[in-house]
Amino acid sequence: MKQEIRYYSDELNDDFAGGNIKTKPTPPNFKYIHRNPVWLLFEFIVYRIIVVPIAWIISKLRYGVKIKNKKAIRQAKGKGIFVYGNHVVTLGDAFHPSLVTFPRKAFVVVHPDTTSIPFIKTLVVMLGAMPLPSGKTGYRNFTAAIKDRIEHRHAVIIYPEAHLWPMYTGIRPFKSDSFLYPAMQNAPVFSTTTVLKSRRFRKTPKCIVYVDGPFYTDPALSLAENKQKLRDEVYSAMCAHAVESNYDRIKYVKAEKTEKNADDEQKIA
């Protein structure tokens, strides 16, 4: 099988999602929480009756997904939880959270691209998409929605790497910023690590999803220290499992700066 080489220059900001979506900013008053009974009825039908079964079928047939240590989540029974995962499987990253957190509903923090497509915006919100604010003024509304989901014992899914690198087998470095929410709410944190295994007669890898946690804040630490503590625990758990991946159809290589690029950067500076 021919190996595809993809070049990157910035592990924190390069994105390989490949979409050509015209991003619409998330308005400051975006409606994250819906209480209308009609909305809630359709949300239940779409999520519980249609999408969760489809997610299970596609995950099994396409990726042969296997979830290990899901029982760890039982330790947070009756509580809302945060789940952090590596962002590597385009379709799987949309479907796997609902399987890992079931019967809790999974609400996934997403890029505004996800809610920028006409006609399907309502659908993806019903499925649990929570688009990031496009400006500082929207963060109060967004943070309140996150808090509401946790208080109602749901699961909030966050991909701290932020950008999609399809079929990448390592764990990219990520900041502690997204761990502010569990640090503020003293909520249990779990990590999920998708490990990619090659299959002889299939182009798509087998996905093994490891669950680790719960990780908790330490009352003796400051908010900033707890953010870093949770980040480090999640990152360490992910790295420990990622070494098991052996899928190599796509290889990511860091591009070296040429003299011309270095001169251009100096001119810009």
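The values are calculated or read from the model by the stated rules, or taken from the named source; none is laboratory data. Bear in mind that the values here come from a model prediction, so they are computed numbers and not experimental data. Heads up, the Cβs are rebuilt from the backbone with ideal geometry, glycines too, and the neighbour counts pull from every protein chain shown. What goes into the accessible areas is simple: the full protein's heavy atoms, side chains included, and nothing from ligands, DNA or RNA. Shrake-Rupley method; radii C 1.70, N 1.55, O 1.52, S 1.80 Å.
Of everything listed in (1) assigned to a helix (DSSP H, G or I); (2) within 29 Å of residue 237 (Cβ to Cβ); (3) open to solvent by 60 Å² or more (accessible area, probe 1.4 Å), the single unmet condition for residue 72 is (3). When the residues of segment 1-40 are filtered to those that are at pLDDT 85 or above and of a type in the set (A, V, I, L, M), the one that is farthest from residue 250 (Cα to Cα) is 38.
If the condition is being without any contact (Cβ under 8 Å) to a residue 24 or more places away in the chain and among the aromatic types (Phe, Trp, Tyr), then segment 100-152 contributes 119, 139. Across segment 1-35, the number of residues qualifying as surrounded by 10 or more Cβ atoms within 10 Å (Cβ to Cβ) and either of a type outside the set (D, E, K, R) or touching a Ser or Thr at 6+ places or on another chain (Cβ under 6 Å) (or both) comes to 18. Taking (1) within 22 Å of residue 99 (Cα to Cα); (2) in contact with an Asp or Glu (Cβ under 7 Å, 6 or more places away or on another chain); (3) of a type in the set (Phe, Trp, Tyr) in turn, residue 174 satisfies each apart from (1). For residue 44, the conditions (1) open to solvent by less than 90 Å² (accessible area, probe 1.4 Å); (2) of a type in the set (A, V, I, L, M, F, W, C); (3) under 18 Å from residue 124 (Cα atoms); (4) at pLDDT 90 or above all hold with the exception of (1). Of all residues in segment 242-255, those satisfying the criterion of being buried (at least 16 other Cβ atoms within 10 Å of the Cβ) and assigned to a strand (DSSP E or B) are 250, 252.
Only residues that are over 26 Å from residue 102 (Cβ atoms) and open to solvent by 40 Å² or more (accessible area, probe 1.4 Å): list them for segment 144-167, please. Within segment 144-167, just 163 meets the criteria.
Reported count of residues in segment 210-241, each being at pLDDT 95 or above, in contact with a helix residue (DSSP H, G or I) (Cβ under 7 Å, 6 or more places away or on another chain) and open to solvent by less than 60 Å² (accessible area, probe 1.4 Å), is 11. Of 149, 200, all but one fail to be closer than 22 Å to residue 106 by Cα and among the basic types (Lys, Arg); the exception is 149.
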